[in-house]
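As structure tokens, the structure follows; a few thoughts come after it.
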Amino acid sequence: MFMKNYLIIGLCLSLVGCVPSSSQIVKPFVDPEYGMTKQQMFDLLGKPEKIEIYRKTDQTRIEFYIYVRKYQSSQAKVPVCLINNKIVGWGKTFYEDHISQDDIRIK
């Protein structure tokens, strides 16, 4: 009887170890909407792979949240830009057009 209980407990514990934790779950990248807040972006896309924060010469804080868009056999990094906690654009071209050598990288 005790052996049967130990086997059931052991089986349950081994199955629990197979369930991915919420931090390991990667959401697929979908295009966000202009004006979304940071929290809405996190709800839609999950946590970013990387964060870059800059201060422009006019003291504007510009934040880029870098996500990975996976394709069948490749992947691409997609920066999503927030200013004043709102999405103002995304994509590699947007990133390159909005970062200059005069910007100070904070993070």
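The values are calculated or read from the model by the stated rules, or taken from the named source; none is laboratory data. Note that the structure is a prediction, hence the values are computed from the model and not measured. Cβ coordinates were reconstructed from backbone atoms using ideal geometry, including for glycine residues, and neighbour counts include every protein chain displayed. Remember, those area values only see protein heavy atoms, side chains included, never the ligands or the DNA or RNA. Shrake-Rupley method; radii C 1.70, N 1.55, O 1.52, S 1.80 Å.
Counting only residues that are outside any strand (DSSP E or B) and open to solvent by 100 Å² or more (accessible area, probe 1.4 Å), which one in the range 55-75 is farthest from Met36 (Cα to Cα)?
Among them, the one singled out is Ser73.
Which one of these does Val78 not meet: (1) open to solvent by less than 20 Å² (accessible area, probe 1.4 Å); (2) more than 13 Å from the chain's Cα centre (by Cα); (3) over 13 Å from Asp103 (Cβ atoms); (4) among the β-branched types (Val, Ile, Thr)?
(2)
Which condition from (1) touching a Pro at 6+ places or on another chain (Cβ under 7 Å); (2) modelled with pLDDT under 95 is the one that Val80 breaks?
Result: Val80 passes all but (2).
Considering each residue of the range 70-107, count those that are touching a Ser or Thr at 6+ places or on another chain (Cβ under 6 Å) and charged (D, E, K, R), and give that number. Walk me through it before giving the result.
Initial filter on the range 70-107 (touching a Ser or Thr at 6+ places or on another chain (Cβ under 6 Å)): 85, 102.
In the following step, the residues that additionally are charged (D, E, K, R) were identified as 102.
Qualifying residue count for the region: 1.
Give me the residue from the range 27-54 that is open to solvent by less than 60 Å² (accessible area, probe 1.4 Å) and in a strand (DSSP E or B) and, out of that set, farthest from Phe94 (Cα to Cα).
Checking each candidate, the answer is Thr37.
In the range 89-107, which residues are open to solvent by less than 100 Å² (accessible area, probe 1.4 Å) and assigned to a loop (DSSP other than H, G, I, E, B)?
Gly91, Ile99, Ser100, Asp103, Ile106, listed by residue number.
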